[in-house]
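The values are calculated or read from the model by the stated rules, or taken from the named source; none is laboratory data. Everything numeric here is computed off the predicted structure, so don't read it as measured data. When we count neighbours, we look across all protein chains shown, and the Cβ atoms used for this are built from the backbone with ideal geometry, even at glycine.
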Amino acid sequence: MNGGKLETLVLDLESKAPKLHDTRENPEETCVYHAAYSSGHNSTGPFAKETVTLTSTTDKVVNVEDYLFGCGNENNFHGNNLGVIGLGRGPLSLVSQMAPYVGGKKFSHCFMADPNIESKIYFGNGSEVLGEGVLTEPMAEPNEEQYKLIISGITIENDFVPFNSTGTMNKKANMLVDSGTPLSRLPQDFFDRVITQLNNTVKLESFMQNGGGLSNIYFNYTTLPKLPTVALEFESGGKLQLNENQLFQIDEKRKAFCFMMMNNTYNFMIFGGTLQTDFLIGFDLDRKVVSFKPTNCANFNKN
């Protein structure tokens, strides 16, 4: 399986190891996998083994032998997605299988805000997120296959909205980092309180747009106001400042702007792909940490 450029790939940071059909009683039978995602998407097909050929940033050719992957022939992903890269913490993910060849279980990515412009993923040595302005958070559940962190709440301007309505400290993972979910999602109770605070801060006419059990808020405007500052607060004391391009989508024709976080039925937040744009985000599975650094990805990905 030779490395090549694919137009669109979904990065899977959240699914657990796929279920495999046991073929030990009949070795000639095809081994079939099934992978399900929290978004409701799924993929099924034969489980295969190949050699993957990749080129490093120093033009060194790396052959990943006996690479195990699913050849999906029954998928329900939307759009023109050509495949899914498994980047979770489990043994079958791409990052785990590549680790012996690239210097460890670690990778980073810098996503462009414009989906029509190519973004890049970096594996192994050289993928570390370093320098001034880096926020590094411990993975909350060391034995999990997903990337989960602990947040205490969200700050809008100078007003803090706690994740728990009681304001008590969080000891369990409550934020899933998942680029496969485009818009970030908040548990319903937390979402309601964040929307209330947004209304108190923005002070413009607003309306909710609902569909498929999901909701997000729009604000009408005559002259576009200064948009509020928003930051994620972590239980460790760390603070991740978000920028307005990650948070708000402006519709000039409708004279409205949308807050790009939605509600969900889970008891945790999903830190989705839109919020991850223009951050260099590193995942170090050996150290069990996730690092964030505000970055101009257009310039960074040229290097």
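Let's see how each residue does on (1) in the same structural domain as Ala173 (by TED's automatic domain parsing); (2) assigned to a strand (DSSP E or B); (3) hydroxyl-bearing (Ser, Thr, Tyr); (4) modelled with pLDDT of 95 or more:
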site	(1), (2), (3), (4)
Met262	yes, yes, no, yes
Tyr266	yes, no, yes, no
Thr274	yes, no, yes, no
Phe283	yes, yes, no, yes
Asp286	yes, no, no, no
Ser291	yes, yes, yes, yes
Does the range 56-76 contain at least one residue that is surrounded by 16 or more Cβ atoms within 10 Å (Cβ to Cβ), modelled with pLDDT under 90 and within 14 Å of Ser179 (Cβ to Cβ)?
no
Under 6 Å between Cβ atoms, at least 6 apart or on separate chains: pull out the pairs that start in the range 86-103 with a residue that is free of Cβ contacts under 8 Å to residues at least 60 places away in the same chain and end on any residue that is small (Gly, Ala, Ser) and part of a loop (DSSP other than H, G, I, E, B).
Val102/Gly124; Gly103/Gly124
Reported set for the range 167-187 where residues are exposed (fewer than 14 other Cβ atoms within 10 Å of the Cβ) and closer than 20 Å to Thr155 by Cβ is Gly167, Thr168, Met169
I'd like to check something: does the range 80-101 contain any residue that is modelled with pLDDT of 90 or more and in a strand (DSSP E or B)?
no
What number goes with the only condition from (1) assigned to a loop (DSSP other than H, G, I, E, B); (2) modelled with pLDDT of 70 or more that Thr23 does not pass?
(2)
Evaluation of Ala298 against (1) among the small types (Gly, Ala, Ser); (2) under 16 Å from the mean Cα position of the chain (by Cα); (3) within 20 Å of Ile117 (Cα to Cα) (one fails), failing number:
(2)
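Name every residue in the range 199-209 that is outside any helix (DSSP H, G or I) and surrounded by 11 or more Cβ atoms within 10 Å (Cβ to Cβ), in order of residue number. Explain how you work it out, then say what you get.
As a first pass, look at the range 199-209 and keep what is outside any helix (DSSP H, G or I): 203-209.
Hits for the range 199-209 are Leu204, Glu205, Ser206, Gln209.
Select, from Glu141, Glu128, the only residue that is surrounded by fewer than 19 Cβ atoms within 10 Å (Cβ to Cβ), assigned by TED's automatic domain parsing to the domain that holds Leu242, outside any strand (DSSP E or B) and of a type in the set (D, E, K, R). Can you show your working first?
Working: Glu128 fails: assigned by TED's automatic domain parsing to the domain that holds Leu242.
So the residue among Glu141, Glu128 that is surrounded by fewer than 19 Cβ atoms within 10 Å (Cβ to Cβ), assigned by TED's automatic domain parsing to the domain that holds Leu242, outside any strand (DSSP E or B) and of a type in the set (D, E, K, R) is Glu141.
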Looking at the range 108-119, is at least one residue at pLDDT 90 or above, more than 16 Å from the chain's Cα centre (by Cα) and crowded, with 16+ Cβ neighbours inside 10 Å?
no
Test Ser43 against the criterion of being modelled with pLDDT of 85 or more, closer than 19 Å to Pro182 by Cα and not in a loop (DSSP other than H, G, I, E, B), and give yes or no.
yes
Would you be able to tell me the number of residues in the range 214-229 that are outside any strand (DSSP E or B) and in contact with a helix residue (DSSP H, G or I) (Cβ under 6 Å, 6 or more places away or on another chain)?
2
Cβ-Cβ under 7 Å, sequence separation 6+ or interchain: first residue in the range 228-243 and over 19 Å from Lys171 (Cβ atoms) and at pLDDT 95 or above, partner in a strand (DSSP E or B) and among the charged types (D, E, K, R). Which pairs?
Ala231/Lys239; Lys239/Glu233
For the range 230-243, what are the residues that are under 16 Å from Val194 (Cα atoms) and either among the acidic types (Asp, Glu) or outside any strand (DSSP E or B) (or both)?
Glu233
Can you name every residue in the range 105-129 that is more than 25 Å from Leu92 (Cβ to Cβ) and either out of contact with any strand residue (DSSP E or B) (no Cβ under 8 Å at 6 or more places or on another chain) or of a type in the set (Lys, Arg) (or both)?
Asp114, Pro115, Asn116, Ile117, Glu118
